[in-house]
Structure formats: C-alpha cells, structure tokens
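Student: My questions all concern the structure below.
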Amino acid sequence: MSGAMERALERLVRVRGVRGALFVAADDGLVVTQLLMENVDGKAVAALAASLARKIGGAAGVAGAGKVRFAELDASEGTLLVTPAPEGLLVVVLAEPRINAGLCRLEMVRAAEAART
Amino acid sequence: MSTTVVEQWTAEPLEHYVAQASARIVVVMTPAGQVLAQHGFGRAVDLMGVAALGAAIMASAGALADLVGERTFAALFHAGQRHGIHLAGCSTARGALVVLTVFGRDTSIGLVELFFGEFAAARRAAAPADSARGPILAENFEAELGASLATLFGR
C-alpha cells in the first residue's frame, strides 16, 4: 500500500462521522486499500460503490452533464460519498447521516491526489 | 436467456444470483464436470465444452494449490476485454460443486464475488441433506452426462 494513500485515508477517517474510507478499483469494484470501522463490510461497499459510480457516470453521460466529479448518496442511516481518483481508482467514504459533506469532499479530493503520487 | 436446472432446489438461488450479479452465463457443476444447472446457454454442445473446461481449470488449480502448500484456491478470476470469468467452488450437503460465471462490462468482479458469497450460502441452505451425491464412476459418467443435458435442454 502506498504510504501517501494510507495517510490520506487516515486523514479522511478523522473527519467527524466518517465510518470508513476506501480506495476502490473503479472497473473491478475491488478494494485497493481501506480503513474501516469494525462492522463495515469493505468488500460489499467497494463493489456496490463502484457499481453506483458506473451507473451515475452513465446517467451523467446520457444527460450531457459530462464527467462525474463527486457523488453523494444520502440515506436515512448513512451517507456514501464517491469521487474519482487517478489510475482508475475511486475514493469512497461511508459516513453517518448529515455528515459535513464539504469538509469530507475536500479530504476526498486530497486523497484522490495522493493516488497520483 | 433461460435458466434450466437438473435439480429443482438449485433454481431459485441461481436465478437470484444471475439477476444480482448481472451474469451472462452461469454453470453449476460437479468437480467432474457434470452440469446441475445453467443459465445463458441455448445449445448443449456449448455447455458441454464450457463445463469440461471449467472443471479442468478447477482441477488444475487444485493440483497447483497442492504443490504450493495451499488447501485450495477459493476462486479464480480471468479478465478479458469484454468478458470476465469467475470460477469458484462451494460445498453443500450434496457434495462439492463448481460454479463458473461469465460476466460482461455492465458488472464487475467485485459484484460477482459479493453475490457469489450469497449464492454459495443460499445453495448450502437450500441443498437437501438426505442424499449426498456419490462419486461419479467412469461407467456411469456418459449416461449421467446425457441425462443431465437431456433435462437441461429438454431432449
């Protein structure tokens, strides 16, 4: 695991309400590296988040909205945040409901940059 | 594409798996290559070839695992340009089974792996425990293969 990616995940999980953060291979839906709370199934989150990102990307393309830069799924029991990263990766965050999405997004963009190094 | 099964208890878990994982082709077979259920095939001859090759790959991987000191490899994954292949074993009360899944770019290996785990658990739960399958003997193999294909393709 890249040290920069590991440090980026550590910064992400320090954001209040974040239950876990992962780098996921966008095409495969497999975990590249993760930092999760104990009761979070990283394999399932990675597979489903990558699937969601692919479908949102398809919808954005059909709608002529261009490339997706950030996706937020706000559900009653939690929030899923996804942003693309270089090298065919996604940064995925699983968080409590009503998370500070702005702060989280900032850290996710930093994390995505870490994947480039 | 239709799903056909030799033993009815395999139908529901298989249909659920195909839908969840967006699989194009699924073959459930014994380690000897005898097909118990399939999805995605229209012709017996294609199914026979795929089942034989899948069983052979699993057998080779098992032998390789043995050589490197592993009990077995849980799953094998081959990625292609348009399709991927996931090949894995699972145990049930009816004996060990091999499942070959072919999937396209509309899904991913992560999703296939995820739903394969659920599929294997559903098969274990659904398998009738009263009659474990005996070893397939060489003298019975041809007849059992023919009977399976006749059931799967209605001939």
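Student: Restricting to the range B:38-49, what's the tally of residues that are in contact with a helix residue (DSSP H, G or I) (Cβ under 6 Å, 6 or more places away or on another chain) and more than 11 Å from B:SER2 (Cα to Cα)?
Tutor: The qualifying residues number 1.
Student: While we're looking at this one, here's another question. What number of residues within the range B:33-55 satisfy the criterion of being crowded, with 17+ Cβ neighbours inside 10 Å and not polar (S, T, N, Q)?
Tutor: 13
Student: Which one of these is outside any loop (DSSP other than H, G, I, E, B) and at pLDDT below 95: A:ARG116, A:ARG98, A:ARG110?
Tutor: Testing whether each residue is outside any loop (DSSP other than H, G, I, E, B) and at pLDDT below 95 leaves just A:ARG110.
Student: Let me ask something else. I'd like to check which strands (runs of 3 or more DSSP E) are fully inside the range B:22-80 and have at least 2 residues that are under 15 Å from the mean Cα position of the chain (by Cα) and closer than 22 Å to B:GLY146 by Cα.
Tutor: So the answer is B:23-29, B:35-39.
Student: Listed residues A:GLY42, A:GLY20, A:GLY29, A:GLY57; which is facing chain B (nearest Cβ under 10 Å) and of a type outside the set (A, V, I, L, M, F, W, C)?
Tutor: After applying the criteria, what remains is A:GLY29.
Student: All but one of (1) away from chain B (no Cβ under 13 Å); (2) touching a residue at least 40 places away in the same chain (Cβ under 8 Å); (3) buried (at least 18 other Cβ atoms within 10 Å of the Cβ) hold for A:VAL82; state the number of the condition that does not hold.
Tutor: Against the list (1) away from chain B (no Cβ under 13 Å); (2) touching a residue at least 40 places away in the same chain (Cβ under 8 Å); (3) buried (at least 18 other Cβ atoms within 10 Å of the Cβ), A:VAL82 comes up short only on (2).
Student: Out of (1) on the phi > 0 side of the Ramachandran plot; (2) touching a Gly at 6+ places or on another chain (Cβ under 8 Å), what's the single condition that is false for A:LYS67?
Tutor: (1)
Student: While we're on this one: Being more than 9 Å from chain B (Cβ to nearest Cβ), in contact (Cβ under 8 Å) with a residue 40 or more places away in the chain, in contact with an Asp or Glu (Cβ under 6 Å, 6 or more places away or on another chain) and not polar (S, T, N, Q) is the requirement here; does A:ARG11 meet it?
Tutor: Answer is yes for this residue.
The values are calculated or read from the model by the stated rules, or taken from the named source; none is laboratory data. Predicted, not measured: the structure shown is a model, and the values here were computed from it. Cβ coordinates were reconstructed from backbone atoms using ideal geometry, including for glycine residues, and neighbour counts include every protein chain displayed.
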